[in-house]
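A single structure is presented below for examination.
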Amino acid sequence: MTRLAYYPGCALQSMNWDYRESIKEVVAALDIELMEIEGWTCCGATAAHSLDEKMSLALPARNLSASQQMGLDLAVACPMCFKRLSHSRQMLLQQKLSGPWTVDPNLAIYDLARFLATDSMLEQIKSRVILPLTGLRVVCYYGCQVVRPPKITGFEDYENPQHLDRIAAVAGATPIDWSFKATCCGASMGIPKKEIGLSLVKKLLHWAHASGAQAIVVCCPLCQSNLDLYQPEIRRQADADPTTPALPILYYTELLGIAFGLEAILPGLNSHLVDPLPLITQLLNH
Amino acid sequence: MLIPEPKFSDAVLVVGAGIAGMQTALDLAAMNHSVYLLDRSATIGGNMARLDKTFPTNDCSTCMISPRMVACARNPRIKIITLAELMDLQGEPGRFTASIRRHPRYVDEKLCIGCRQCVEKCPKKAPNAFNASLDSRKAIHFVHPQAIPMAPAVDTANCIYFQKGRCRACEKVCPTKAVKLDEGKPEDLQIEVGAVILSAGFELALVPQAGEYGHGRYPNVVTSLEYERMLSATGPFGGHPQRPSDGAKPGRIAWIQCVASRDSARNRNFCSSVCCMAAVKQALITREHDAESEAAIFYMDIRAHGKDFDRYVLRAKDTYGVRFVRSMLSQVVQNPENGNLLLQYYDRDSLEQAQEEFDMVVLSAGMKPAPRIMPLLNRLGLALNRYGFVEPDFEQPSNTSREGVFVCGALDGPKDIPESVTGASAAAAGVAALLAEYRSGETVGEEVRSLRDVSKEAPRIGVFVCHCGKNIAGVIQVEALRDFALTLPHVVAAEDFLFTCSTQTQERIKELIRDNGLNRVVVAACSPRTHEPLFRETLQQAGINKYLFEMANIRDQCSWVHGKEPEAATEKARQLIQGAVARASLLEPIEEVVTQVVHRALVIGGGLAGMTAALALADQEIHAILVEKDAQTGGMAREIHHTLEGHSPRRLAQALALRVKTHRNITLYTWAEIKALSGGPGHFSGIVERKGKSVPVDFGAIIVATGGQPYVPSEYFYGLHPGVMTQLELENRLFTHQGPLPHTTVMIQCIGSRREDFPLCSRICCSAAVKNAILLMEKNPAGSVYVLYRDIRTFGFKEDYYKRARDLGVIFIKYEPEAPPEVQVEDGALEVKVFDPASAMHLEIKPEILVLSSGVRPRPEAVSIAKMLKLPMMQEGFFMEAHPKLSPLDFSSAGIFLCGLAHSPRFMEESLAQARGAAARAAGLLLQKEIHTSGVVAEVNRERCCSCLTCVYCCPYKVPSMDAQGISVIDPRKCQGCGICAADCPAKAITLKHYTDAQMAAQTEAASSR
């Protein structure tokens, strides 16, 4: 049993409950206990760091400190939260941030997807797969937040990250390399400037399809929302080709949930605007 | 008990046998030092051997480098040790002990004859690193076709015997038992040397897999060196580039500049200096090769700062249609449907983002020192700069921080071939000066033997036909040819040999000459290019004039190219031998001209370059006569306070002046000019005219260091408005605190350079502007400095200062030559108007000071020197060296050398390197007792000469001249034996000795008769 402190983040509490549920099911299947930080609050995300630097560091620091008191390494589900927490941690370790927060250099912060992509975890995942997704061609979309900046996030292969590809491969799927792994989906731009959000998502969908993918695997709730929620509108645009199939957008944990045969993730899958079930059932029937 | 101390040694260890290592070895050998030339790989040649063509002459790289390789191999003073690395160095200058580890080749170099049977039979393939893994080679392999030593090496990681204990096919098939798979232990050697030169070269700095341009990820993204191999005729595709993904011909190719250079994020902020020109060259060759191709270069600045480079770039643009797009790319995207690459860039015409698709992308990746050398650099305790290169010293550019250890080539900073060759010669000069007192004093020259007088004898020819292992004999019937030879007129002896070039065969040949009274020899074997000198020496040793030798190439020109038609090949060989014998029968003994060398040099010009050259010679105990026109030495250096890096040229000039005045081996004439220069290499003479008095002087070599001067602008109100000045004048103002500090300064680059009448770059002006801009901002942080430029050429480590200027707030605005800045004077105030492409705005700036970055011009006095010595000049007035790449410091006329601004605009440390290099080149000549010039020279029949001057005009070396009677005179000491004048002379008055019409006619006729 692996025990980790857990910071779910605000997105998972509301719109992205499907990610939350799939995490819950998958970690249980992997004998991982995620212990939610007591009384955790928002990490600040984009809103904080675009307004006030001190606040943007203080908000995550508070949560970090709380998790440290649990004496466990910390797993974070959302890439943005992961990055803000890592940033605060670094500032605290370098003594560039003063406040009533403690940080233990021996306790690590993991972004959950990378944690599951370590060699030992992949071994365990492999042993739990009962419905290998053989023949499912996917591209892995990491989004722009999880890799940047490398000094904070610790990525070395930031132009071509691999961890979701590894997870997809171990689940039996065929991950296809493509040039847009970490290209912006528009993030929260979709709200103030929808046309920008739409055009960025459209580009990603186009290239995913051109690469031969049948689905896109993501690790970020906002990316999932953008790629999924805007897809029907984009498919209704005048220049859209109706013959191109829709691309289901799956969290890596949903992918694993399917491969592990966990029915409990079905409600979450059903909540996607682009229904993944026809593709999955077709695949598993073969 | 006394512990024996190591003796002083004048031997030199050169670590790294690329072009720099080879050049320094040759220069040292010419100065009578013995040299150990090491290389980590199985061959000498380095990176230059991988290039296809070189800029700006588009010469074939292999054609240029293989004569140097052969020269190293043949030089009795140079010992080549391959597969070796320097592990440690103990001791002090003059008496070092070097510990060398030599890795096993598994092939005995002394026994190998290069027949390549082992390679053919080897069953195991591995990726060919020489061709950037674009194709494969065998486990036992030659690194490349011209490898020296000409012996293969075994790659044990890929060899079936070493991995699995089976096979040994190479051993079985080797005709000389040279392959020895069981003799494989690394050998540790200790050698005593006086000095060490590090010339370990560079590797490309690539960011694999993780990089934003997809190298190692997208198959059709290749590096510059990979593309170079694709372009090369000896490369994996025979010179026709192919896309790695599908083998298709790439029609649209894009180059991305500054990959892993000028990259602060990766702590590689320096500029790699050569990639702009390399990309332009590759694009030009691509366009030349395939008229339907498209070539686009994506760049930030085009750094064509070398001699004549801008002309080359213009040619690429105007004549070959290479497209230049100024936009730095952040990413390469692969089109999954076809493997094409998509580049998104900023289009300056539409001022919008544009996207284009290309079939292939070439990354102009930057340089870094080869990682393998880093442990050694650390062990030696050398000072490295922040990028890991050996820190170059301003005043002594080839010295490292450790005395007795020198550096040259790309190891102390990215540089191109001419700069590497210059640095190599400079390092040799440094070593020579250091070890001068330990020099053993022996000169190794050719022994003059008494030769048999064959003039009264009828021709008695010996013909020796070579098997060359299986190289020739595998295709051609050698014994039949030997028998055939005996039937030819004048042939009295014929024999066949397995390897005619072996030492045993030389003895046998000498025996045959003696026993049969032979007076002419024909060898039917390989190429005279590599082996003629060897056989000529054999003849000399046997007492026969060496010009009584002829060679028929029945290997490279016969068995190797007609391998599939053995009968036809044998017939062709028969004809070649028939022709060779016919010519041999008409060959005449030729006397070479011997000149006793005067061990003194004349240095014309007492600036930094001239003084440094004189001192470099003087420190080697060679006397230098230094002639300077002005009252003081120092030249331009006297006028400059600080360099960009903060060194003081004035202080250096003063220090050198003092040394020059007091050195026992220098005679300094100031206020003097040299006149009436005459003579030839080894012995020139002239008259020093000084204040009305004439002093006759003679010397063995001449170094031209006539220097340069600033261009005096006529544009932009210079001389008319007090606020308009040059960079030199601004610097002087700042250092002498004259006038108030300006609040707003505008600098305009490329004044007097890169234009129709002077299309060259003056190289130093960008750095001068950056230097002064930084000074201004530091003195007045609230002020503004605008630099209006065409390209910022702060190459090499000077790039750091460009960044510093930007960090300080200097504003750089690019202008196109078609729309230069406009300057007006309104009510006495300056107004500058310029279009800024970055903001797409028209700017109006009102500076207090307008600084013109005016370029460099040669001194006008150079013209009279050129006339006196018949030295070629570019139309811009700089001297033309013998070869812009491999002989930048030599003139085609032997015995005359060049350095400093007289060569081309350059920084002071570059002039210093050139000066020392020129001194090394001159010393190589001056340290010989006498020089022999080749007997293959043109001779004029005085009665036939009709004074038409054709020979004068057609000679590429400017050798023929008209004497007082108007008859052409060709100095045999200077004639290079090319034969052009003999062919062109309409009166047939000129004969090229050793290639007379009678000889050539006989050969042609005999060769073509059945």
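The values are calculated or read from the model by the stated rules, or taken from the named source; none is laboratory data. Keep in mind that this is a model prediction, so the values were computed, not measured. When we count neighbours, we look across all protein chains shown, and the Cβ atoms used for this are built from the backbone with ideal geometry, even at glycine.
Any idea which of B:335, B:385, B:340 is of a type outside the set (Ser, Thr, Tyr), free of Cβ contacts under 8 Å to residues at least 24 places away in the same chain and more than 30 Å from residue B:839 (Cβ to Cβ)?
Of the residues listed, the single one that is of a type outside the set (Ser, Thr, Tyr), free of Cβ contacts under 8 Å to residues at least 24 places away in the same chain and more than 30 Å from residue B:839 (Cβ to Cβ) is B:335.
Criterion first (β-branched (Val, Ile, Thr), crowded, with 20+ Cβ neighbours inside 10 Å and at negative phi) does residue B:487 satisfy it?
no
Residues in the stretch B:717-732: is at least one more than 21 Å from residue B:650 (Cα to Cα), at pLDDT 95 or above and in contact with an Asp or Glu (Cβ under 9 Å, 6 or more places away or on another chain)?
yes
Here is a further query. Give the number of residues within the stretch A:1-27 that are part of a strand (DSSP E or B) and charged (D, E, K, R).
Going through the stretch A:1-27 one residue at a time, the tally reaches 1.
Which of the residues that make up the stretch B:804-854 are farther than 23 Å from residue B:715 by Cα and in contact with a helix residue (DSSP H, G or I) (Cβ under 7 Å, 6 or more places away or on another chain)?
B:804, B:805, B:808, B:809, B:810
With the requirement that a residue be small (Gly, Ala, Ser), buried (at least 17 other Cβ atoms within 10 Å of the Cβ) and farther than 14 Å from residue B:942 by Cα, what does the stretch B:980-1005 give you? Explain how you work it out, then say what you get.
Initial filter on the stretch B:980-1005 (small (Gly, Ala, Ser)): B:982-983, B:987, B:989, B:998, B:1001-1002.
Narrowing further to those that are buried (at least 17 other Cβ atoms within 10 Å of the Cβ): B:982, B:989, B:1002.
Passing the criteria: only B:1002.
Follow-up question, since we're still on this one. Tell me, please, whether a residue that is within 14 Å of chain B (Cβ to nearest Cβ), surrounded by fewer than 22 Cβ atoms within 10 Å (Cβ to Cβ), among the charged types (D, E, K, R) and free of Cβ contacts under 8 Å to residues at least 24 places away in the same chain can be found in the stretch A:191-210.
Yes; the residues of the stretch A:191-210 include at least one that is within 14 Å of chain B (Cβ to nearest Cβ), surrounded by fewer than 22 Cβ atoms within 10 Å (Cβ to Cβ), among the charged types (D, E, K, R) and free of Cβ contacts under 8 Å to residues at least 24 places away in the same chain.
A quick yes/no check of all residues on (1) assigned to a helix (DSSP H, G or I); (2) under 27 Å from residue B:19 (Cα atoms); (3) in contact with a Ser or Thr (Cβ under 8 Å, 6 or more places away or on another chain); (4) modelled with pLDDT of 85 or more:
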position: B:382; (1), (2), (3), (4): no, yes, yes, yes
position: B:387; (1), (2), (3), (4): no, yes, no, yes
position: B:401; (1), (2), (3), (4): no, yes, no, yes
position: B:406; (1), (2), (3), (4): no, yes, yes, yes
position: B:411; (1), (2), (3), (4): yes, yes, yes, yes
position: B:457; (1), (2), (3), (4): no, no, no, yes
position: B:462; (1), (2), (3), (4): no, no, no, yes
position: B:470; (1), (2), (3), (4): no, no, no, no
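Now, a different point. Quick check, is residue B:272 surrounded by fewer than 22 Cβ atoms within 10 Å (Cβ to Cβ) and away from chain A (no Cβ under 14 Å)?
no
Taking the condition of being touching a Lys or Arg at 6+ places or on another chain (Cβ under 9 Å), within 14 Å of chain A (Cβ to nearest Cβ), free of Cβ contacts under 8 Å to residues at least 60 places away in the same chain and not aliphatic (A, V, I, L, M), how many residues in the stretch B:165-220 meet it?
3
Okay, next question. Being among the small types (Gly, Ala, Ser) and within 20 Å of residue B:899 (Cα to Cα): is that true of residue B:579 here?
On the way: among the small types (Gly, Ala, Ser): yes; within 20 Å of residue B:899 (Cα to Cα): no.
Answer is no for this residue.
Looking at the stretch A:169-183 only, could you name the residues that are crowded, with 18+ Cβ neighbours inside 10 Å and within 27 Å of residue B:342 (Cα to Cα)?
A:175, A:178, A:179, A:180, A:181, A:182, listed by residue number.
Sticking with this structure for a sec: Can you confirm whether residue B:358 is more than 24 Å from residue A:205 (Cα to Cα) and aromatic (Phe, Trp, Tyr)?
So residue B:358 fails the test.
Among the strands (runs of 3 or more DSSP E) confined wholly to the stretch B:790-909, which include 1 or more residues that are at pLDDT below 95 and surrounded by fewer than 19 Cβ atoms within 10 Å (Cβ to Cβ)? Outline the logic, then answer.
Working: elements: B:811-814, B:822-826, B:829-836, B:841-845, B:849-854, B:856-858, B:896-898.
Qualifying strands (runs of 3 or more DSSP E): B:822-826, B:829-836, B:841-845.
So, one more: With a cut-off of at least 2 residues that are under 24 Å from residue A:20 (Cα atoms), aliphatic (A, V, I, L, M) and more than 14 Å from chain B (Cβ to nearest Cβ), name the helices (runs of 4 or more DSSP H) lying wholly within the stretch A:83-186. Reasoning before the result, please.
Details: elements: A:112-116, A:119-128, A:150-153, A:163-170.
Of the helices (runs of 4 or more DSSP H) lying wholly inside the stretch A:83-186, those with at least 2 residues that are under 24 Å from residue A:20 (Cα atoms), aliphatic (A, V, I, L, M) and more than 14 Å from chain B (Cβ to nearest Cβ) span A:112-116, A:119-128, A:163-170.
In addition: For residue B:225, state whether it is away from chain A (no Cβ under 14 Å), in a loop (DSSP other than H, G, I, E, B) and either over 30 Å from residue B:92 (Cβ atoms) or touching a strand residue (DSSP E or B) at 6+ places or on another chain (Cβ under 8 Å) (or both).
No.
Is it the case, given these coordinates, that residue B:254 is over 28 Å from residue B:139 (Cβ atoms), assigned to a loop (DSSP other than H, G, I, E, B), among the aliphatic types (A, V, I, L, M) and more than 14 Å from every other protein chain (Cβ to nearest Cβ)?
Taking the combined requirement at face value, the residue does not satisfy it.
A further question on this structure: The conditions are (1) buried (at least 24 other Cβ atoms within 10 Å of the Cβ); (2) outside any strand (DSSP E or B), and residue B:740 fails exactly one of them. Which is it?
Here residue B:740 clears every test but (1).
Restricting attention to the stretch B:313-347, report how many residues are within 14 Å of chain A (Cβ to nearest Cβ) and charged (D, E, K, R).
Residues in the stretch B:313-347 being within 14 Å of chain A (Cβ to nearest Cβ) and charged (D, E, K, R): 1 in total.
Something else about it: Out of curiosity, is residue B:659 free of Cβ contacts under 8 Å to residues at least 40 places away in the same chain, more than 21 Å from residue B:927 (Cα to Cα) and among the charged types (D, E, K, R)?
no
Residue B:409 is checked against (1) crowded, with 17+ Cβ neighbours inside 10 Å; (2) more than 29 Å from the chain's Cα centre (by Cα) and fails just one. What number does that condition carry?
Tallying (1) crowded, with 17+ Cβ neighbours inside 10 Å; (2) more than 29 Å from the chain's Cα centre (by Cα), residue B:409 fails exactly one: (2).
If you check residue B:972 against the conditions, is it farther than 24 Å from residue B:625 by Cβ and out of contact with any Leu (no Cβ under 9 Å at 6 or more places or on another chain)?
Considered against the rule, which asks whether it is farther than 24 Å from residue B:625 by Cβ and out of contact with any Leu (no Cβ under 9 Å at 6 or more places or on another chain), residue B:972 comes out as yes.
It is to be established whether one or more residues within the stretch B:54-66 are within 23 Å of residue B:436 (Cα to Cα) and free of Cβ contacts under 8 Å to residues at least 40 places away in the same chain.
no
Go through the stretch B:538-569 and give me each residue that's assigned to a helix (DSSP H, G or I) and over 27 Å from residue B:515 (Cα atoms).
Quick first cut of the stretch B:538-569, residues assigned to a helix (DSSP H, G or I) only: B:538-541, B:555-559, B:566-569.
Passing the criteria: B:555, B:556, B:557, B:558, B:559, B:566, B:567, B:568, B:569.
Also, quick follow-up: Of everything in the stretch B:610-632, what is buried (at least 23 other Cβ atoms within 10 Å of the Cβ) and modelled with pLDDT under 95? Give them in sequence order.
The answer is B:620, and nothing else.
Going through A:283, A:266, A:247, A:255 one at a time, which residue ends up being touching a strand residue (DSSP E or B) at 6+ places or on another chain (Cβ under 8 Å) and part of a helix (DSSP H, G or I)?
A:255
Output the number of the condition that residue A:147 fails; it satisfies all remaining conditions of (1) out of contact with any Lys or Arg (no Cβ under 9 Å at 6 or more places or on another chain); (2) within 22 Å of residue A:221 (Cα to Cα).
(1)
In addition: Residues in the stretch B:264-281 that are under 16 Å from residue B:802 (Cα atoms) and either touching a helix residue (DSSP H, G or I) at 6+ places or on another chain (Cβ under 6 Å) or not in a helix (DSSP H, G or I) (or both): how many?
7
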